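Below is one structure, written out as structure tokens; the observations come after it.
Every read-out reported here was derived from the displayed coordinates using simple, explicitly stated rules and does not represent laboratory data. Not measured: the values here are computed from a predicted model. Cβ atoms come from the backbone with ideal geometry, glycine included; neighbour counts cover every protein chain shown.
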Amino acid sequence: MMNRRSFLKNTTIISGGVVIAPSLISAQSGWENEDDHLTILHTNDTHSNIEPFPENHSRYAGKGGVANRFDMIQRIRKEEKNVLLLDAGDIFQGTPYFNKFGGVLEMKLMSYLGYDAGTMGNHDFDAGLEGFVRAQEYAKFPFLCSNYDFKNTPIYGLTEDTLVIQKGNIKVGLFGLGVELDGLVPSLKFGETKYLDPIEVAKDKAKELKEKGCDLIICLSHLGYDFNDDQVSDLILAKKTKDIHLIIGGHTHTFLDKPTETKNSVGETVLINQVGWAGINLGRIDFEFKKRSFSKKEKLVIQ
């Protein structure tokens, strides 16, 4: 059995493929056993940004773009044996590509990049339920939507509550949480979709995955990092639940230089990460499992 309470953290940033802190990156080499090492790559709120920002952009000149992301992902896959690629929602809406192709292009490209799983954000309803179904036909990865009840909608049966993936010696459990749609998305877009309490759902799904023997439990969240009121956020989710080790977030377009470490309802550490929006950043967290503990190293990749 693996004890998940002990870990070691190092953080670095890569900008445009240029290593800023090579001393920290070199610490990732020499894993004791490749099958006990897991690399998690993740995005959120890519919003149909297929191409990089133009070179004359005032803030993100040349950053982002699916081609840049593909190159980085492929390079990491060549370096590491066990890699998971995940997305925390809002794939759709933001450029003319969505207006022209209705999300089909985004799904095709994410499939080509080899995403392992994603969750739905509020803008993924912008083509309506039927529009999402048409686009999802081109997705070669599952959508995890644990707190949306899609009964009596076209999406019913096309998403998953939980997912278990074996990578080397590591059993990874995943589930997904979405934001309240009422008041945020026109009702015609989500139809009879029912929103379930994300805190209670998270408790149930994390417990279920723990009972299945998962070594690492990940929540793909489109709840938002934090708010000024009592709206459920990733920080609140972590505080009020247990058994979740990592929350990969979206919705608030929050740029974190490194994952936030906070405590859950029983005082254990939970990691929360979110990497902005538009595909500008590619998040990376490395976990190294040992017989009685595991360590983690994180890296934020900026295109």
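Looking at (1) surrounded by fewer than 19 Cβ atoms within 10 Å (Cβ to Cβ); (2) assigned to a loop (DSSP other than H, G, I, E, B), which one does residue 100 not meet, given that it meets all the others?
Only one criterion is unmet by residue 100, namely (2).
Do we have any residue at all in region 211-220 that's under 18 Å from residue 147 (Cα atoms), assigned to a loop (DSSP other than H, G, I, E, B) and within 15 Å of the chain's Cα centre (by Cα)? Steps first, please.
Applying the first criterion (under 18 Å from residue 147 (Cα atoms)) to region 211-220 yields 217-220.
Filter again for assigned to a loop (DSSP other than H, G, I, E, B), leaving none.
Looking for residues that are under 18 Å from residue 147 (Cα atoms), assigned to a loop (DSSP other than H, G, I, E, B) and within 15 Å of the chain's Cα centre (by Cα), one finds none in region 211-220, hence no.
Restricting to region 52-72, count the residues that are of a type in the set (Lys, Arg) and either surrounded by fewer than 19 Cβ atoms within 10 Å (Cβ to Cβ) or at positive phi (or both).
1
List pairs: first in region 193-220 and without any contact (Cβ under 8 Å) to a residue 60 or more places away in the chain and closer than 23 Å to residue 125 by Cα, second of a type in the set (Ser, Thr, Tyr) and assigned to a loop (DSSP other than H, G, I, E, B), Cβ under 7 Å, 6+ apart or cross-chain?
If the second residue must be of a type in the set (Ser, Thr, Tyr) and assigned to a loop (DSSP other than H, G, I, E, B), the pairs left are 199/241; 201/146; 202/241.
Just the residues that are in contact (Cβ under 8 Å) with a residue 12 or more places away in the chain, among the charged types (D, E, K, R) and closer than 28 Å to residue 179 by Cβ, please, taken from region 30-73.
45, 51, 63, 69
Which one is farthest from the chain's Cα centre (by Cα), of the residues in region 103-152 that are of a type in the set (A, V, I, L, M) and part of a loop (DSSP other than H, G, I, E, B)?
Restricting to residues being of a type in the set (A, V, I, L, M) and part of a loop (DSSP other than H, G, I, E, B), the top hit is 127.
I'm trying to understand the selection: among the residues of region 67-97, which are under 15 Å from residue 108 (Cα atoms) and more than 16 Å from the chain's Cα centre (by Cα)?
Selection gives 67, 70, 97.
Just to be sure before I move on: is residue 128 surrounded by 16 or more Cβ atoms within 10 Å (Cβ to Cβ), touching a residue at least 60 places away in the same chain (Cβ under 8 Å) and at positive phi in the structure I sent? Let's see the steps before the verdict.
Details: surrounded by 16 or more Cβ atoms within 10 Å (Cβ to Cβ): yes; touching a residue at least 60 places away in the same chain (Cβ under 8 Å): yes; at positive phi: yes.
Against the criterion (surrounded by 16 or more Cβ atoms within 10 Å (Cβ to Cβ), touching a residue at least 60 places away in the same chain (Cβ under 8 Å) and at positive phi), residue 128 qualifies.
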